[in-house]
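Below you'll find the structure, written out as structure tokens, and then a few comments.
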Amino acid sequence: MSKGEETKSRILHQAAELFNQQGYAGSSMSDIMRVTGLQKGGIYNHFQSKDDLALQAFDFAIARIKQHTRFALRSKHQAVERLQAIIGVFSSFAENPPIKGGCPLLNTAVESDDAHPALRERAQQAMNSWLHLICRIIEKGIEKGEISSEVSADEIATIIIATLEGGIMMSKLYGDSIHIHRVINHLNQYLETSLSLNRPGSIKKYQDK
């Protein structure tokens, strides 16, 4: 890695943590200069604008999460074990997030809802990636006879992600990890007793009301 590439990577890491803690709107160029130790010109040598930096910093943060996920999945082969591994990655966000400030996907999705369309699109792309990953795991589990064919992969993926992100939000709001731990326990129990065909229990079909 060249010196310029190292500098850009350092800026992305520091800016990603700043945006994740203070939000995009709440982080000024002065804040970015402070955490990076660079003048505006030094930052703009690598990024066209604050918007460009924000988008690349978000991608950097999501890449860190995906790296943790790949590591967690590498030794897991059975569908339920793979789903539990993903849940375990998200459970760490409340206490030991890969980027300071909690889950960057949750934080960015909330902040960019209407104020920043480009960031919102990036957050949607990242969310789609997580949903598709969970769907693929469930669908492969159905093909291998590990999960009931009555299960809707799309519905279960939505429920897993929404429940995890809600637990992370509550733990961050109250400064108490009990909320994410309750979510993790509930999801793991559901996966083991109701989703897996390799364990005793019943299959619960989620249906839209």
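The values are calculated or read from the model by the stated rules, or taken from the named source; none is laboratory data. All values derive from a computational prediction rather than experimental measurement. Methodologically, a virtual Cβ is constructed for each residue, glycine included, from the backbone with ideal geometry; neighbour enumeration extends over all protein chains shown. Each accessible area value is taken on the protein alone, full model and side chains, heavy atoms only, with ligands, DNA and RNA left out. Shrake-Rupley method; radii C 1.70, N 1.55, O 1.52, S 1.80 Å.
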**Prompt:** Among 67, 33, 131, whose Cα lies farthest out toward the positive end of the dipole of the chain, if unit charges sit on the beta carbon of Lys, Arg (+1) and Asp, Glu (-1)?
**Reply:** 67
**Prompt:** In square nanometres, what is the average projected area of the Cα convex hull of the stretch 1-110?
**Reply:** 7.9
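Report the charge-dipole magnitude of the chain in Debye, nearest 20, computed about the Cα centre from +1 at each Lys and Arg Cβ and -1 at each Asp and Glu Cβ. Before the final figure, lay out the partial values.
Working: 24 positive and 23 negative charges, 110 e Å.
Charge dipole, the chain, about its Cα centre: 520 debye, nearest 20.
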**Request:** Beta carbons within 10 angstrom, averaged per residue: use that to sort the peptides 26-32, 106-112, highest first.
**Result:** 106-112, 26-32
**Request:** Describe numerically, in nm with one decimal, the distance between label points set 7 Å from Cα along Cα→Cβ at residue 6 and at residue 45.
**Result:** 1.3
**Message:** With just the Cα atoms defining each centre, how far is the stretch 145-176 from the stretch 84-125? Give it in Å.
**Reply:** 14
**Request:** For the chain, find the longest principal axis of its Cα atoms and tell me its angle to the long axis of helix 104-115, 0 to 90°, nearest 10.
**Result:** 70
**Message:** Restricting to Cα pairs below 8 Å that are 6+ residues apart, what does the relative contact order work out to for the chain? Please round to a whole percent.
**Reply:** 19
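If you wrap the stretch 129-192's Cα atoms in a convex hull and average its projection over all directions, what's the area in nm²? Intermediate values should be presented prior to the final figure.
Details: hull surface 17.4 nm².
Across all orientations, the stretch 129-192 yields a mean hull projection of 4.4 nm².
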**Asked** So what's the angle, to the nearest 10 degrees on a 0 to 90 scale, between helix 178-190 and the longest Cα principal axis of the chain?
**Response** 40
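What are the semi-axes of the equivalent ellipsoid for the chain, taken as the square roots of 5 times the Cα gyration tensor eigenvalues, largest first, in whole Å? If you can, show how the numbers build up before the last one.
Working: eigenvalues 262, 57, 45 Å².
They are 36, 17, 15 Å, listed largest first.
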**Request:** Report the net charge of residues surrounding residue 30, where surrounding means a beta-carbon distance below 13 angstrom and charges are Lys +1, Arg +1, Asp -1, Glu -1.
**Result:** +2
**Asked** Between residue 21 and residue 70, how many nm apart are label points set 7 Å from Cα along the C-beta direction?
**Response** 2.8
**Asked** If you line up the long axis of helix 3-22 against the longest principal axis of the chain, both from Cα atoms, how many degrees apart are they, to the nearest 10?
**Response** 70
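Could you order 143, 150 by accessible surface area, starting with the largest, using a probe radius of 1.4 Å?
Working: 143 155, 150 115 Å².
From most exposed to least exposed: 143, 150.
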**Request:** Using only protein heavy atoms and a 1.4 Å probe, report how much of residue 135 is accessible, in Å² to the nearest 10.
**Result:** 10
